[in-house]
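First comes the structure, then the notes that go with it.
The values are calculated or read from the model by the stated rules, or taken from the named source; none is laboratory data. All values derive from a computational prediction rather than experimental measurement. Methodologically, a virtual Cβ is constructed for each residue, glycine included, from the backbone with ideal geometry; neighbour enumeration extends over all protein chains shown. Surface accessibility is based on the protein's heavy atoms, side chains included, excluding ligands, DNA and RNA. Shrake-Rupley method; radii C 1.70, N 1.55, O 1.52, S 1.80 Å.
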Amino acid sequence: MCHHCVIDSVKDRMLSRRDFFKGGAVAGAAAAATLAAPAPLFAQKAMPTKAEDLTHDLFEAFPTFFNEQQLFKKVVFNYAEHKFNINEWRFNEHTGTHLDAPLHFSADGKSVAEIPVADLVCPLAIIDIRQKAADNADAQVTPDDIKAWTDANGDLPEGACVAMLSGWGAHLETDKFRNVGEDGKTMHFPGFHIEAAQMLMEAPSVKGIAVDTLSLDHGPSPDFVVHYAWLPSGRWGLECVANLESLPASGATLVVGAPKLRGGTGGPSRVIAMV
């Protein structure tokens, strides 16, 4: 599909989502501008001196959104018998620390292999809602949280990924990571509010959002409204990100080692921050 067709398609999809949030036409135009405008890759003017791993170990019992095993390992060759080791892995694209490509929630968005590599390196802005999440598992990043961040740190960096730090990574190997309620079905964990997603879509050049939970939408969301607004705009998301608490609110550069799976809707990723 041609570049202009992609932009027109983004505009059409954004305009069709007026029921989700106000100002859909503005958001659609902003999305088109984002796709067209280059943005700085690095947050730092000086050379980074530290690399931080933002990736959880991926293991067979890693908690999943649908509470089903999504990673399977088969030993094909082992050192004792063959003098080398090879494993065969079978996995769901959306397992562990992973990237959501635009194709994940759209009919014709970019696959993970089609995301420009320059869009996978960007400044990182971390919005800390740990206190709010400790008080309410259904907490969401709101426009007020974004404003509080900009009041403290200045404008969002051009081309940034905006990440939610809820502290939920500490619950990874416990039942609280999924945090199913008394009804036995509804999960309770933090995510982005649709109005915050809209606000970021109106900001020039924001490339992605990231969460330390299982979903861009908060746990009790009935309709994946953030997924359906954010990903079709041509942007990506990261889920189950680790160790955000080890980084400053601003000033780090994010590097997303997304798998180059042709036609993939996402995939487990090695995510690194440089400060």
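Consider THR150 carefully, then state whether it is open to solvent by 30 Å² or more (accessible area, probe 1.4 Å) and touching a residue at least 40 places away in the same chain (Cβ under 8 Å). It is false that THR150 is open to solvent by 30 Å² or more (accessible area, probe 1.4 Å) and touching a residue at least 40 places away in the same chain (Cβ under 8 Å). Residues of segment 261-269 include none that is within 27 Å of GLN131 (Cβ to Cβ) and open to solvent by less than 10 Å² (accessible area, probe 1.4 Å). Candidates are the residues of segment 119-142 that are open to solvent by 40 Å² or more (accessible area, probe 1.4 Å) and assigned to a helix (DSSP H, G or I); the one that is nearest to MET164 (Cα to Cα) is ARG130. What residue, among those in segment 165-179 that are in contact (Cβ under 8 Å) with a residue 60 or more places away in the chain and outside any loop (DSSP other than H, G, I, E, B), is nearest to THR64 (Cα to Cα)? Per the stated criteria, the residue is PHE177.
Scanning segment 204-229 for residues that are closer than 21 Å to LYS147 by Cα and touching a strand residue (DSSP E or B) at 6+ places or on another chain (Cβ under 6 Å) gives LYS207, GLY208, ILE209, ALA210, VAL211, ASP212, LEU216, ASP217, HIS218, VAL226. Scan segment 198-229 residue by residue and report those that are free of Cβ contacts under 8 Å to residues at least 60 places away in the same chain and part of a helix (DSSP H, G or I). Residues satisfying the conditions are MET199, LEU200, VAL226. In summary, PHE65 fulfils each of the numbered conditions (1) on the phi > 0 side of the Ramachandran plot; (2) in contact (Cβ under 8 Å) with a residue 12 or more places away in the chain with the single exception of condition (1). Scanning segment 219-260 for residues that are open to solvent by 30 Å² or more (accessible area, probe 1.4 Å), among the aromatic types (Phe, Trp, Tyr) and at negative phi yields one hit, TYR228. Scanning segment 191-214 turns up at least one residue that is of a type outside the set (Val, Ile, Thr), open to solvent by 40 Å² or more (accessible area, probe 1.4 Å) and over 30 Å from LYS45 (Cα atoms).
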